[in-house]
Structures are given as structure tokens and as C-alpha cells.
Amino acid sequence: MLEQLAQLETEALQSLEEARTLEDLDRWYHAYLGRKGALTAILRSVGSLPPEERPVVGQRANEIKQRLEAAYNARAEGVRQDQLARELEAGALDVTLPGRPVGSGHLHITTRTLRQIYAIFAEMGFQVYEARDVETDEMNFGLLNMPPHHPAREMWDTFWISERATHASPLLLRTHTSPGQIRVMRERYPEPIRVILPGKCYRYEQITARSEHQFFQVEGLAVGRRITMTDLIGTLTAFARRFYGAERRIRIRGSYFPFTEPSIEADIDCILCGGKGCRVCKYSGWLEIAGAGMVHPVVLSNGGYNPDEWSGFAFGLGVERPAMLKYGIDDIRLFYSNDLRFLRQFG
């Protein structure tokens with residue numbers, strides 16, 4: 001048995017030296033040290049030896065097992081290092097070569113459109129005033145001439161944040177940027193005002209090719225002592241021709257908004273279809289670009305201005321829809337789809 005152990009040790013060590021891969025090592029371990037390995041079989045047969053031989057053979061077998069395990073661990077580490085060196089050599093990088101260029105990012109089309117709008121109104125003397133996204137019922141409706149249960153509230157499908165029945169003025173996600181009119185008037189009274197109020201609006205609406213449940217809007221407000229409807233129409237006309245092109249046709253229609261009196265809507269001929277009719281303009285040939293009007297006396301009073309001495313106009317512009325017209329986009333859902341094929345066109 002001792003001679004058999006010595007022969008096994010020599011054979012195992014020689015076979016171990018020939019192992020070149022981790023798979024070779026795995027096969028070697030199972031052949032000699034595994035549960036069905038050659039050395040394991042000898043250890044299990046020690047019990048069948050005469051009692052006087054068992055201690056000597058058992059001790060010798062354990063010594064060989066320890067040496068083989070130590071040799072296996074050392075060889076495994078060497079094989080791993082060799083394999084790592086080969087992999088590094090095969091995938092080596094020449095750090096002196098020029099790197100791959102990294103493409104620069106660019107502004108989202110909505111941000112670009114907002115900045116274009118800012119620039120046009122800045123030339124007309126309008127400042128940017130940013131209001132909050134979360135508003136109170138009083139600011140969003142009440143102070144804009146829409147008291148509780150006023151039917152005009154149905155014009156806006158509202159996301160409520162707090163229960164209307166348990167709060168004096170519950171919170172909501174603003175449905176339009178008009179609440180900013182009250183805030184800026186109360187801050188700047190008794191000075192004249194000429195501001196635009198950009199921001200995102202939220203409405204519980206069906207998403208279609210021309211409607212989103214969240215969208216950007218730019219509110220405009222001018223308050224002074226001799227402001228008229230002519231000033232409002234002139235401002236909207238100047239903006240439309242600067243933004244869309246001097247050749248655009250503009251149409252003014254009478255409308256209704258509870259916070260302006262009188263109220264109008266401004267349209268331009270649809271750039272996408274050339275006035276022939278498409279799904280974006282609802283096959284009318286015209287697309288609304290702004291709702292506007294003279295600030296209602298009640299709203300002026302709520303802002304701190306005496307309507308007998310002051311007058312003003314207000315307007316609300318979309319951002320995505322003007323961009324759709326300007327760049328020939330026929331589906332507003334593309335703005336928030338995160339489709340790089342769409343976004344990269346505006347880099």
C-alpha cells in the first residue's frame with residue numbers, strides 16, 4: 001500500500017505539471033482528490049488493512065493528500081495568471097492611439113423653442129418671471145375670476161393634490177400659467193408690468209397627436225395705464241412673424257376666457273399642410289397659436305391694480321405646438337417619447 005501511495009503521488013504531480021488550463025486542473029482534481037478520485041479510494045480502503053498497518057498507511061496517505069492539495073493550489077494560481085496574461089495580450093490596447101471622439105449633447109427641442117421665444121419677447125421688453133408648478137385652488141381659479149362651482153372650471157381637467165372637501169384652498173398641479181399673473185402683479189404693484197411666465201402645465205386629458213397631459217406654456221402679461229387691444233394684437237402679430245416667418249397669415253377670432261374681457265384667439269395658416277387641412281389643424285387649415293385678451297377688471301383688482309386707472313393684456317402660447325409648426329412635426333407625442341432618432345434631428 002505504501003508503494004502504491006508513492007507511485008500515485010509521483011503520477012499525480014507529473015500530471016499536474018502538464019495541466020495548462022483551468023479545465024485541465026478541474027479534471028485533475030476529480031481524478032485524484034475528488035470523491036471518486038484515486039487517493040480518496042485508497043483512504044477509504046485503509047479500514048480493510050490489518051490493525052497494525054492502518055496508522056502508518058493512514059498517516060502517509062494524509063501527508064500525500066496535503067502535498068497534492070498544496071501543489072494543486074499553487075498550480076491553479078499559476079494557470080490563472082498565465083491565462084490572464086494571454087487575455088491581456090490578446091486584447092491589449094495601444095494607449096498612444098487617438099481616442100474615439102465622443103459626441104457632444106445638445107438642447108432638447110422644447111428647450112430650444114423656449115429660448116427662441118424668450119429672445120423674441122426680450123426684444124419687445126418682456127422679462128422672464130417663473131412661477132410655481134403646484135398652486136392653490138384660489139390662485140389657479142378663484143383669483144382669476146372663477147369662484148367655486150363656476151362652469152368655466154370645466155375648461156380645465158385638473159390633477160388635484162389634496163382633497164377639495166377638506167382644505168380651504170386645496171392644492172393642484174397648475175392647469176395653466178395664468179396663476180402667475182396674480183403673483184407677479186402683487187409683487188410689482190404699483191409699477192407697470194411687462195413679463196412672460198414660462199412653465200409646464202398639467203391637465204387630465206387624453207393624449208393624442210396634438211394633445212398631451214403635460215406641456216409647456218408661455219404666459220404673457222402687460223399692465224400699464226393706456227394699454228389697448230391694439231397693443232395686444234400688434235404684439236402677437238410681431239411674435240408670429242418673427243417666429244414663423246414674415247409670410248405667415250394671421251387670423252384673430254373672438255373667444256372666451258374668464259380672466260380676460262374681451263377675449264380673442266390668434267391663429268396662423270397651418271405650415272404643415274399649407275392651409276389644405278391635416279390632423280394637426282383638425283382639417284381647418286388654421287392652427288391656434290395663442291389665447292389672449294384684455295385682463296379682466298376683477299383679475300386686475302385681485303392683483304392690486306385699480307381697473308379704473310390701469311389696463312393690461314394677457315396671452316398664453318404653447319411651446320410644443322409652435323415647434324411642431326416650425327419644424328414640420330405632426331405628432332406632439334414625439335417630444336416626450338425619448339426617441340433618439342427624433343431628438344437628434346434638432347442637434
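Each value in this text was obtained by applying a stated rule to the coordinates, not by laboratory testing. Predicted, not measured: the structure shown is a model, and the values here were computed from it. Positions of Cβ are backbone-derived with ideal geometry, glycine not excepted, and every protein chain shown enters the neighbour counts.
Observations on the model:
- Computed from the C-alpha gyration tensor, the three semi-axes of the ellipsoid equivalent to segment 192-347 are 30, 18, 14 Å, from longest to shortest.
- Sorted peptide list for 59-68, 332-341, 192-201, criterion being average Cβ within 10 angstrom, highest first: 192-201, 59-68, 332-341
- Annotation: amide H of Ser162 within the under-5 Å range of Leu171, sequence separation 5 or more or interchain, hydrogens built in the peptide plane.
- Restricting the GluC sites (Glu not before Pro) of segment 107-137 to loop positions (DSSP other than H, G, I, E, B) with no more than 15 neighbouring Cβ atoms within 10 Å leaves Glu130.
- Hz values of 3J(HN,Hα) by residue in segment 119-135 - Karplus curve (6.51, -1.76, 1.60), Gly and Pro given as x: 5, 5, 6, 4, 5, 8, x, 8, 9, 8, 10, 9, 9, 8, 7, 8, 10
- Three-way shape label, segment 49-164, alpha-carbon gyration tensor, a/c 1.5: oblate
- Ordering of 44-53, 299-308 by packing [mean C-beta count within 10 Å, highest first]: 299-308, 44-53
- The HN-Hα couplings worked out from phi for segment 147-161 by the Karplus form 6.51 cos²θ - 1.76 cosθ + 1.60 (θ = phi - 60°) are x, x, 6, 5, x, 5, 4, 5, 5, 10, 7, 9, 8, 8, 9 Hz, whole numbers, x standing for Gly and Pro.
- Pairwise label distance in nanometres, Leu340 with Tyr327, each label 7 Å out on the Cα-Cβ vector: 1.7
- Taking amide H positions as modeled 1.01 Å from N, with prolines and chain starts lacking one, the residues under 5 Å from Cys270 and 5 or more places away or on another chain are Gly275, Trp286, Leu287.
- Listed values for segment 252-266 are Karplus-derived 3J(HN,Hα) couplings in whole Hz (6.51 cos²θ - 1.76 cosθ + 1.60, θ = phi - 60°), namely 10, 10, x, 8, 9, 9, x, 9, 10, 7, x, 10, 9, 10, 10, and x replaces Gly and Pro.
- Top of Ala90, Ala238, Ala290 by mean-square fluctuation, Gaussian network on the chain, Cα under 10 Å: Ala90
- Histogrammed with a bin width of 20 Å, the alpha carbon distances of the chain distribute as 23, 32, 9, 14, 17, 5, 0 percent, first bin at zero.
- Residue ranges 25-38, 242-255, 316-329 sort as 316-329, 25-38, 242-255 when ordered by packing (mean number of other C-beta atoms within 10 Å per residue, highest first).
- Environment charge at Leu236 (Cβ cut-off 14 Å; Lys +1, Arg +1, Asp -1, Glu -1): +1
- In segment 2-90, the C-alpha radius of gyration followed by the widest Cα-Cα span (Dmax) gives 15.5, 58 angstrom.
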